[in-house]
Every structure is written in C-alpha cells, then in structure tokens.
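Enquirer: Please read through the structure below; I'll follow up with questions.
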Amino acid sequence: ETAGGRADWKQLLRRAPPLEPVEALKSFEVAPGFHLELVACEPLVTDPIAAAFDEEGRLFVADRSNNRMQIFDQEGNLLESGWEQYSRISGLLIDKNDMLFAADSESGGVARDRTNWTRGIRIGSVRDGKDGKIRYFIPDPTQNATNTSSAEGITVDAAGHIYGAEVGQKALKRYEKK
C-alpha cells in the first residue's frame, strides 16, 4: 500500500501476456446456465467500444480506433462496414424508432487523426443507411479540451431527453430539445 493507504495496483498485479481470443474464452468462469462464445475479433473489429441492436436485430459495433461502425448479424457475420460520418464513437444507442445516437468524446483533440472533427453527440437514422446524413448534432460544451470530454455513455428517456455520461468531467448531463 502507498502512504495514503491505497494499493499500488501496478506492483500488485503481475503482467500477463495477452491471449488470442479463442484462448481467452477458455480463461473465463461462466455462471451456471450460461455459455460464452466469440462473435467477432480482429481483423473484423479492432477496438470495439460500444454496441447496439437495431429493430431488424442487426448488431452495430462502434470500432473506435478505426472511426467506423461494423454491422453484424447475430451469428457474427459481417454485413456492412462504414458509417464514418458518426466519427470516433465512444457511446452508442439505437432507439425503438431506429434513431442512432453516437457519442464522440475524443475528436478534436485527443484523437490525433480527428483534429478537424468536433466532438459531441451525432444523431441520425439507421433506416437512412450507411451513407445517411447526420440529422442533429450536439457539440461538446467544453471546447478545446485536451483530454476525454463530452459524453461517453449515452441513453434517451421516453420523453426524448438525451443523457450523456461524461468520464472526463465526472458528470451526467441531460440535453433537451427546445
């Protein structure tokens, strides 16, 4: 422990070599009545950070390091790749009307390859397809942030209020349309 009574985790945990995805599955303990299976891994997805299902049952996976979404069926077959207009997604939600809410907390500063993008929440429709337009954009209230900012997690209530869970600011914010 450190002088303040907190554990120094770097010293307590030994560094384990990374396992290949199939080998990693074998290392998990699974609760009785459940099983674990690999749906997708590299090279199909590199940095999967968020996932959501649309009304057709397709699985949208935000692949943050590639600034894209990958769409899979429930068996793990890749159906489509792209949707780059949603930028560097940190949080993802698809509502019952197939509206897609994508939170981007790293563009414009943290992500060196996205300095010309503005971080914030992008809203569009799954039904418009991978080349669909962004219908609404809520910019990050903290401009020129040098660390993770804006929403990472995202959800929407029945009244249409958008909630953003902000890690950098240690806050939960609600956005309401005027």
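Enquirer: Return the FRET efficiency for the residue pair THR46, ALA171: r is the Cβ-Cβ distance, R0 is 22 Å, and the value is rounded to the nearest 0.05.
Expert: 0.15
Enquirer: For the range 16-167, report the convex hull volume of the alpha-carbon atoms normalised per residue, in Å³, without decimals.
Expert: 151
Enquirer: Moving on to the next point. What ranking, highest mean first, results for peptides 70-77, 169-176, 88-95, 44-51 when packing means the other Cβ atoms within 10 Å averaged over each residue?
Expert: Going by the mean number of other Cβ atoms within 10 Å, highest first, we get 88-95, 44-51, 70-77, 169-176.
Enquirer: How much accessible area does TRP117 have with a 1.4 Å probe, in Å² rounded to the nearest 10?
Expert: Accessible area of TRP117: about 70 Å².
Enquirer: Let me ask another. Leaving ligands, DNA and RNA out of it, rank GLU55, GLU84, GLU166 by accessible area with a 1.4 Å probe, largest first.
Expert: Reading off the accessible areas and sorting them downward yields GLU55, GLU84, GLU166.
Enquirer: Another question, then. Quick one: if the Förster radius is 45 Å, what FRET efficiency do VAL22 and THR142 give, using the C-beta to C-beta distance and rounding to 0.05?
Expert: E between VAL22 and THR142, to the nearest 0.05, is 0.65.
The values are calculated or read from the model by the stated rules, or taken from the named source; none is laboratory data. Being a predicted model, the structure only gives us computed values, none of them experimental. Neighbour counts run over all protein chains shown; Cβ positions are idealised from the backbone, glycine included. The protein model used for the area step is the full one, side chains on, heavy atoms only, and it has no ligands, DNA or RNA in it. Shrake-Rupley method; radii C 1.70, N 1.55, O 1.52, S 1.80 Å.
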